[in-house]
Amino acid sequence: MSFSGDVRAALPPALHLPDPIARTLDWLEAQGHGGTFTHGGEPFLGIYPPDLRDAPGASFVLFHHEAGPPFHDPPAEVTSRIASIAKIAGDGGTLALWADASDTQHCVVFNHGIPHVLTDDPLVALQFLAIGYAEPGALLDPTMTARDQAHHDMADPPLLPAAFRAFLEATFHVTIPQRASELGITIPPNTAPDPIRDWLDEMIPPPDPATIPGMTAENPYMITKELREILGDEGVAILRESYPHVIEPHVIEPHLNEPHLNEDE
């Protein structure tokens, strides 16, 4: 079966693989742009030939299917309506398909686990990926060009995916703009409302603080010797700033109220 066929077969019934994305996957596969991840050996398709995939300035876009959103153990109600179809940032940011409560399908981005609707038009999503942003999933300002983003991040100048861009332009009769905003894309602040954020809040209610280690005195965040060695002083300090109740059971704190004896007493 083809790569696109595998993705299509893996999607839950509420989702479908849009034709522009399927045709693009077929073209990438025909060009020999496939590979497998080092860990797990699962297949992916890149938007560059293999010899340019890791070149300085190359955009991080790897088509790859994963069930559900990039969350730990999401409920079935969520995985039945969300599927990631590409990794678009080095930290795990993804492009996903989401079917809302009315069964309208959207292309969404998960950036550090925080989602927002990118577009309802899969062709616009492909144009967005072709702009050449170093990490499309990490973009916060859609008015930036790929060169602006690289300059902002003090990264290599962008290496545009020329063949991928030419394929989209010739096949779908579109142009690739310099900025995501020219595609009508907006990116809401992390705390702003967004359709998929609102839906996920309904599907995954916030956990009871009492169940989160470190949030209450009865359930403190415990730092073992092994964890301290891994985190170091800086990592432990960050944990103490992040959680109000952090303890190290192996450390005996001095009793400040006990009198200190002089050597001759």
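The residues of the chain have, on average, 56 Å² of accessible surface per residue, using a 1.4 Å probe with all protein chains present. Here the gap between residue 247 and residue 163, fully extended at 0.36 nm per residue and compared with their Cα-Cα distance, gives a gain of 24.7 nm.
Report relative contact order for the chain in percent, whole number only (criteria: Cα-Cα under 8 Å, sequence separation at least 6). Rounded, it is 13 percent for the chain. Computed from label points 7 Å out along Cα-Cβ, the spacing between residue 1 and residue 156 is 3.6 nm. Across 95, 227, 140, mean-square fluctuation computed from a Gaussian network of the chain (C-alpha pairs under 10 Å connected) peaks at 227.
Quick one: compute a quarter of the convex hull surface over the Cα atoms of the chain and quote it in nm².
Directional mean of the projected Cα hull area for the chain stands at 19.7 nm².
Here r is the Cβ-Cβ distance between residue 55 and residue 175 and R0 is 22 Å; the resulting FRET efficiency, rounded to 0.05, is 0.35.
Report relative contact order for region 2-48 in percent, whole number only (criteria: Cα-Cα under 8 Å, sequence separation at least 6).
28 percent
Can you give the net charge of the other residues whose Cβ lies under 14 Å from the Cβ of residue 131, counting K and R as +1 and D and E as -1?
That works out to -2.
The angle between the Cα long axis of helix 162-172 and the longest principal axis of the Cα atoms of the chain comes to about 60 degrees, rounded to the nearest 10.
The values are calculated or read from the model by the stated rules, or taken from the named source; none is laboratory data. Please read all numbers here as calculations on a predicted model, not as lab measurements. A quick note on method: Cβ atoms are made from the backbone with ideal geometry, for glycine too, and the neighbour counts reach across all protein chains shown. Just the protein is used for accessible areas: all its heavy atoms, side chains included, with ligands, DNA and RNA removed. Shrake-Rupley method; radii C 1.70, N 1.55, O 1.52, S 1.80 Å.
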